[in-house]
Amino acid sequence: MKAKPRALLSTCIFLVACFSTGLAANGQPQEQPGPAAPTSAAAAAGERVLVEWRFDQPGQWLGWTPNSHVSEAAVDDGALRGKAAGLDPILLGPVFDVPASPNQFVEIDLRTTSAGYAQLFWTHTLAGKYGGFSEKRCEAFSCRDDGRVHTYRMFPFWHAVGKIIRFRFDPPNAGEFALSAIRIVERPAPQASAERQWTFGDDTAGWRAWDQVTTPAVNDATLQASSEGTKPILMSPPISVASTPPVVISS
């Protein structure tokens, strides 16, 4: 009898928790920063925008619709703007279709007058009670209340669902907001690796800085970097591993 072939899982390993304490390159603890500063919208070399909604034309909603908890909604002055008028203000986006990959991130250009939290929901289906949306597929972030436009960046790692077809954006439930743009950006896919374990001798073995962390370097046979925010991420090169039996990752 032939053995049943095992499913292969193509993925990357990303490290977050081990940097959340903020270890400097010399191993000494750093002072913990406050909420991470929004990142710049300037695209790095090779990055490309897959889809973008930019509200720079008056009256052009681009398929987005507010619910009844948003008052004074309008598209003018370079933004889709409004005021929270209930506990659950919602902007529902149009249907689109983007193949999902682990190299993608979302940027939101937003101005708010409240320091509350905003949420971006994403879905690969329209089925279900809430049109495919779920708290399991959501990115939340804290907004600044200085009335200036900031770019907020998030890495959803949503590639397991195969594609993304709709967004729902929930601004803070108090104060005014002005949404200038939302976009999905993709970085070039790095070269795949056949390795299953890494020892760091002369180089970083394909591990790289992904977000809110300095460029890693090897010192004394260890991979070292410094945290630059509350959600620092180091990313491995892409790998393919059997998804059964359960995969165990250790460091």
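Read-outs throughout are calculated quantities, based only on the coordinates presented, and are distinct from any laboratory measurement. As the structure is a computational prediction, the values presented were derived from the model and not from experiment. All Cβ positions, glycine included, derive from the backbone under ideal geometry; neighbour counts span all protein chains shown.
A few notes on this one:
- 3J(HN,Hα) along segment 155-160, derived from phi through the Karplus expression 6.51 cos²θ - 1.76 cosθ + 1.60 where θ = phi - 60°, amounts to 10, x, 6, 9, 4, 5 Hz, with x in place of Gly and Pro.
- In a fully extended conformation the segment linking residue 217 and residue 199 would gain 5.2 nm over its present Cα-Cα distance, using 0.36 nm per residue.
- When 198, 122 are sorted by how many other C-beta atoms sit within 10 angstrom of their C-beta, beginning with the fewest, the order is 198, 122.
- Proximal aspartates and glutamates relative to residue 83, as straight alpha-carbon distance under 20 Å, when same-chain residues fewer than 8 apart are discounted: 56, 72, 109, 145, 146, 170, 176
- Each residue in 133, 200 was given a count of other beta-carbon atoms within 10 angstrom of its own, and listing them fewest first yields 200, 133.
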